[in-house]
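Peer 1: Below: one structure in structure tokens.
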Amino acid sequence: MINTKGIKKGQLHDIYPQLYGCFYEESEMDIRFTKLIETHCNLFGKDEAMIFSTAGRSELGGNHTDHNLGKVLAATITLDTVGAVTITDNNIVTLVSEGFPSVEVNLDNLDKIDSEENTTNALIRGIARGFADKGLKIGGFNANTTTNVLMGSGLSSSAAIEILCATIINHLYNNDKLNPVELSKISQFAENVFYGKPSGLMDQIACASGGIVSIDFKDKENPVVISEKIKFEDKGYALIIVDTEGDHANLTSYYASIPVEMNKVAAFFNKKVLREVSYEEFKANIPALRKALNNDRALLRAHHFYNENERVDKLVEAIDKNDFKKYLELINECGRSSFCYLQNLYAEPRNQGLSLGLALSESILEGDGASRVHGGGFAGTIQAYVPMAKVQTYVDEMNRVFGDKAATVLSVRELPTTCIA
């Protein structure tokens with residue numbers, strides 16, 4: 001626990017590098033955590049609290065593959081949601097997230113409440129139900145949180161708060177019995193069943209695991225998660241996310257069209273998802289598919305799926321062989337495939353912030369580095385690997401074009417979701 005007297009050497013200073021890599025200011029983090037504890041004291045009358053941290057995530061490879069049981073390479077990043085927590089002697093969870101109304105959930109009732117759909121209440125109740133269904137303990141707690149995980153930027157701010165709540169229950173009441181994948185499954189259950197949002201497991205696993213992981217979703221109930229070891233800074237590059245300030249409104253149908261069209265290709269073969277159809281079988285039937293579907297874009301998206309899966313394997317191989325030049329080439333291939341075949345860079349030709357961001361990246365990087373669309377696409381963010389010598393130039397140019405603080409320099413965080421003090 002830490003207290004309202006502030007951050008002391010040996011409590012959090014030693015753990016900052018594991019949480020935030022080399023891109024942070026110690027004094028700023030001291031202020032952040034001190035304010036968190038002071039707020040907890042003001043809200044709940046407790047001058048000491050446990051501190052929990054769950055990070056956001058960045059998809060490195062495998063753009064729009066998980067929903068068809070494909071392969072993904074993802075990283076836990078050095079932006080996180082942190083919570084000050086004290087245990088209570090009842091079954092009531094009170095959660096106060098900075099900038100949002102207070103949430104209170106009585107865990108005496110673990111049934112789904114339809115009126116709670118699309119609320120944090122539903123997520124908390126669903127997570128508790130997930131623990132109870134496994135025969136594990138649940139109980140109340142008071143928590144307040146703050147986050148620097150950028151909202152609406154494809155860094156999974158929503159998955160971070162889900163995993164944080166699951167981590168709190170796991171630590172307070174179950175001695176950290178569940179591993180990150182098990183916590184992710186409970187969070188997905190809460191999101192799918194109680195919150196009412198159909199989602200895969202990539203976001204939760206990547207937020208929970210720490211480091212870089214490759215995930216194979218072929219068996220969706222038991223995805224294969226393997227830790228991959230690489231530090232981009234050691235290779236002389238920074239990982240940067242750029243928010244191109246695109247409007248996410250009215251894009252749901254565009255996101256939904258990708259799995260729908262991929263699934264239509266699979267249905268031609270009487271299968272549910274493309275992972276159940278071989279690439280060779282797909283290629284052999286392209287003439288018949290064109291006639292049956294009358295939708296060449298669906299075929300292009302299927303082509304992307306198959307090659308993107310193979311690229312994830314090649315990215316892992318490049319990491320294993322310490323061949324970073326090949327890794328960057330593959331990242332650029334991923335970006336081109338998303339642009340040309342998956343076609344998720346823009347929804348309306350006049351609004352192409354993502355395309356412009358990639359064009360500017362190519363101009364600045366001059367062949368040294370890589371860039372690609374990040375996350376769902378159509379609006380939002382791009383991802384770039386930038387040589388250290390060009391980081392300031394890259395950030396300045398992106399901020400000039402897309403607005404102040406559009407560019408955020410990230411590192412890979414090695415720590416999984418955890419209680420840190």
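The values are calculated or read from the model by the stated rules, or taken from the named source; none is laboratory data. None of these values were measured; they are calculated from a predicted model. Please note: Cβ atoms are built from the backbone with ideal geometry, for glycine as well, and neighbour counts cover all protein chains shown.
Peer 1: Which of (1) crowded, with 22+ Cβ neighbours inside 10 Å; (2) modelled with pLDDT of 95 or more; (3) among the charged types (D, E, K, R) is the odd one out, the single condition ASP243 does not satisfy?
Peer 2: (2)
Peer 1: Considering only residues that are polar (S, T, N, Q) and crowded, with 20+ Cβ neighbours inside 10 Å, which ones fall in segment 183-207?
Peer 2: If the condition is that a residue be polar (S, T, N, Q) and crowded, with 20+ Cβ neighbours inside 10 Å, then SER184, SER187, GLN188, GLN204 are the ones that fit.
Peer 1: Something else: Considering only segment 145-169, how many residues are within 30 Å of THR408 (Cα to Cα), buried (at least 22 other Cβ atoms within 10 Å of the Cβ) and not polar (S, T, N, Q)?
Peer 2: Number of matching residues: 11.
Peer 1: So which residues in segment 1-43 are farther than 19 Å from LEU415 by Cβ, in contact with a Ser or Thr (Cβ under 6 Å, 6 or more places away or on another chain) and not in a loop (DSSP other than H, G, I, E, B), if there are any at all?
Peer 2: ILE37, GLU38, CYS41
Peer 1: Quick check on ILE92: is it closer than 24 Å to ALA49 by Cβ, at pLDDT 95 or above and among the aliphatic types (A, V, I, L, M)?
Peer 2: Criteria met by ILE92.
Peer 1: Now for a separate question. If LYS46 satisfies every condition in (1) farther than 19 Å from ASN148 by Cβ; (2) modelled with pLDDT under 90 but one, which is the exception?
Peer 2: Here LYS46 meets the rest and fails (2).
Peer 1: Pairs under 7 Å by beta carbon, first residue within 17 Å of SER278 (Cβ to Cβ) and surrounded by fewer than 19 Cβ atoms within 10 Å (Cβ to Cβ) in segment 305-327, partner at pLDDT 95 or above and small (Gly, Ala, Ser), six or more apart or different chains?
Peer 2: ASN307/SER337
Peer 1: Report yes if TYR279 is of a type in the set (Phe, Trp, Tyr), touching a residue at least 40 places away in the same chain (Cβ under 8 Å) and surrounded by 14 or more Cβ atoms within 10 Å (Cβ to Cβ), otherwise no.
Peer 2: For TYR279, the condition - of a type in the set (Phe, Trp, Tyr), touching a residue at least 40 places away in the same chain (Cβ under 8 Å) and surrounded by 14 or more Cβ atoms within 10 Å (Cβ to Cβ) - is not met.
Peer 1: For segment 101-144, which residues satisfy the criterion of being more than 21 Å from CYS419 (Cβ to Cβ), in contact with a Gly (Cβ under 8 Å, 6 or more places away or on another chain) and surrounded by 19 or more Cβ atoms within 10 Å (Cβ to Cβ)?
Peer 2: Of everything in segment 101-144, just one residue is more than 21 Å from CYS419 (Cβ to Cβ), in contact with a Gly (Cβ under 8 Å, 6 or more places away or on another chain) and surrounded by 19 or more Cβ atoms within 10 Å (Cβ to Cβ), namely ALA122.
Peer 1: Sort through SER253, SER214, SER227 and tell me the only one that's assigned to a strand (DSSP E or B), free of Cβ contacts under 8 Å to residues at least 60 places away in the same chain and of a type outside the set (Val, Ile, Thr).
Peer 2: Sole residue among the options that is assigned to a strand (DSSP E or B), free of Cβ contacts under 8 Å to residues at least 60 places away in the same chain and of a type outside the set (Val, Ile, Thr): SER227.
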